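Quick notes on the structure that follows.
The values are calculated or read from the model by the stated rules, or taken from the named source; none is laboratory data. Worth saying up front: this structure is predicted, and the values here are computed from it rather than measured. Positions of Cβ are generated from backbone atoms using ideal geometry, with glycine treated the same way; all protein chains shown enter the neighbour counts.
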Amino acid sequence: MNRDGVYITKRDGMAVVKLDSGYNIGVPPNTCRFISRPEPVTIKQHDVIQNTSLPHLAIVSTGGTIASRIDYRTGSVTSQFNANDILTAIPELKEIANYRTVPLATILSENMTPAIWQELARAVYREIQNGAKGVIVTHGTDTMGYSAAALSFMIDTPVPVIFVGSQRSADRPSSDNAMNAVCAAAAATSELGEVAVVMHATTSDDTCAIHRGTRVRKMHTSRRDAFRSLGIAPIGDVSYPSRKVTLTKGAVRRGTSPLAIHDALDPHCALLQSYPGMTPDLLNAYEGYHGIVIAGTGLGHTSTTLIPHLKRLCDQGALIVMTSQCMHGRVCDRVYDTGRDLLSAGVIEGGDLLPEVALVKLMWVLGNEKDSLKAAALMQSDLKGECMQRSAHGL
């Protein structure tokens, strides 16, 4: 069967060809026949006319798949769109609000850093200070949970701050970018008053879930409904195409918190996963770190051979927080001898903190509190809905 397509590159001995459908296929190079060289693609900037009578939202773009296009040089997705391009690509957004666009960064989310979190927090703070009724942050999905948690701790917000991304780029027929962006805009004009992540709730184009920024994790590499709230249910949802926003009783409401920013972070923190056979010498790499989060086994354990080395790090001034690799439940280091020995060594329990949220929180706590006892107490306190006092079964 003859099929026309655009040759992209040769990989693993196969010619990679992009079909008109938007999908790439691999075929033996000797089955390809040169037809013609395509005309260079030029990207035109469009003037976006907006309705100034609608609510004012800010779109702060950091890049990611939702703000990406296909790079025919490599056959991969590259972050090149600015936030203004998103309005051109998704006209429905203009029915919801009037937007100011802030192109903060054009990176894929694996390149996110604590320093960019701080820039992002300041940009969001400025937009709210200047009158934005809500802020949308476009972000790559791989580390969006980290960034949403970081903003949750750094900003007290009276308006919705909505992180949104897409699992599949706009050139694919199954792209989720348009619906996610529209639902994010609807959530940003709602009565929500906290940092949240808005992404597909199902594999169908019918609902987006609103996840609290400190309780959300990406659970699948490519499914459109990859994001899940852990430990709690989503704090709301957005129906599509009606754009109706429904919030739970537990969702923080608009205007609850006065605007404030606390953007100090201590980047000298690390996240360490315990595993069978892990040798104590690996902990030498963490000498001099101010904080360490351990994703321990089960109720919050490591090999007993690590405990003397963890004690040494604690004695040197490191704040070490124990979390669990389990998706649900909380740590309790008072059940088994190993846990009690960890507590005696100076390790503190992280309750039901997600390990990645614990890392971000630890950076924030150590950046804002220099007293070690107060810092430890803050790590075990619920500041932004990240620490549940009790864990429900089945969530």
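Tabulated data
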{"item": "Residue, surrounded by the fewest Cβ atoms within 10 Å (Cβ to Cβ), within the range 214-235, restricted to residues that are among the hydroxyl-bearing types (Ser, Thr, Tyr) and farther than 12 Å from Asp176 by Cβ", "result": "Thr221"}
{"item": "Options Leu362, Leu373; residue that is assigned by TED's automatic domain parsing to the domain that holds Lys311 and in contact with a strand residue (DSSP E or B) (Cβ under 7 Å, 6 or more places away or on another chain)", "result": "Leu362"}
{"item": "Residues within the range 214-266 that are under 18 Å from the mean Cα position of the chain (by Cα) and assigned to a loop (DSSP other than H, G, I, E, B), tallied", "result": "18"}
{"item": "Output for the range 241-250, where each listed residue is crowded, with 18+ Cβ neighbours inside 10 Å and β-branched (Val, Ile, Thr)", "result": "Val245"}
{"item": "Selected residue (criterion: surrounded by the most Cβ atoms within 10 Å (Cβ to Cβ)) from residues of the range 251-267 that are in contact with a Gly (Cβ under 7 Å, 6 or more places away or on another chain) and farther than 15 Å from Ile155 by Cβ", "result": "Ala251"}
{"item": "Count of the range 149-208 residues which are of a type outside the set (A, V, I, L, M, F, W, C) and within 22 Å of His220 (Cα to Cα)", "result": "20"}
{"item": "Single residue of Val293, Val347, Val238, Val321 found to be assigned by TED's automatic domain parsing to the domain that holds Tyr125 and surrounded by 14 or more Cβ atoms within 10 Å (Cβ to Cβ)", "result": "Val238"}
{"item": "Of all residues making up the range 11-41, the number that are assigned to a loop (DSSP other than H, G, I, E, B), more than 19 Å from Ser175 (Cβ to Cβ) and not hydroxyl-bearing (Ser, Thr, Tyr)", "result": "11"}
{"item": "Any hit, the range 268-281, residues being exposed (fewer than 12 other Cβ atoms within 10 Å of the Cβ), closer than 30 Å to Ala233 by Cβ and in contact with a strand residue (DSSP E or B) (Cβ under 6 Å, 6 or more places away or on another chain)", "result": "no"}
{"item": "Residues located in the range 272-290, provided they are among the polar types (S, T, N, Q) and in a helix (DSSP H, G or I)", "result": "Asn284"}
{"item": "Check on Val124, at negative phi, within 14 Å of the chain's Cα centre (by Cα) and of a type outside the set (Gly, Ala, Ser)", "result": "no"}
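Each row is one residue, and each column tells you yes or no for (1) part of a helix (DSSP H, G or I); (2) touching a strand residue (DSSP E or B) at 6+ places or on another chain (Cβ under 6 Å); (3) closer than 15 Å to Val135 by Cα; (4) at pLDDT below 90.
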residue: Leu54; (1), (2), (3), (4): no, yes, yes, no
residue: Ala58; (1), (2), (3), (4): no, yes, yes, no
residue: Ile66; (1), (2), (3), (4): yes, yes, no, yes
residue: Thr74; (1), (2), (3), (4): no, no, no, yes
residue: Thr78; (1), (2), (3), (4): no, yes, no, yes
residue: Asn84; (1), (2), (3), (4): yes, yes, yes, yes
residue: Leu93; (1), (2), (3), (4): yes, no, yes, no
residue: Pro103; (1), (2), (3), (4): no, yes, yes, yes
residue: Thr106; (1), (2), (3), (4): no, yes, no, yes
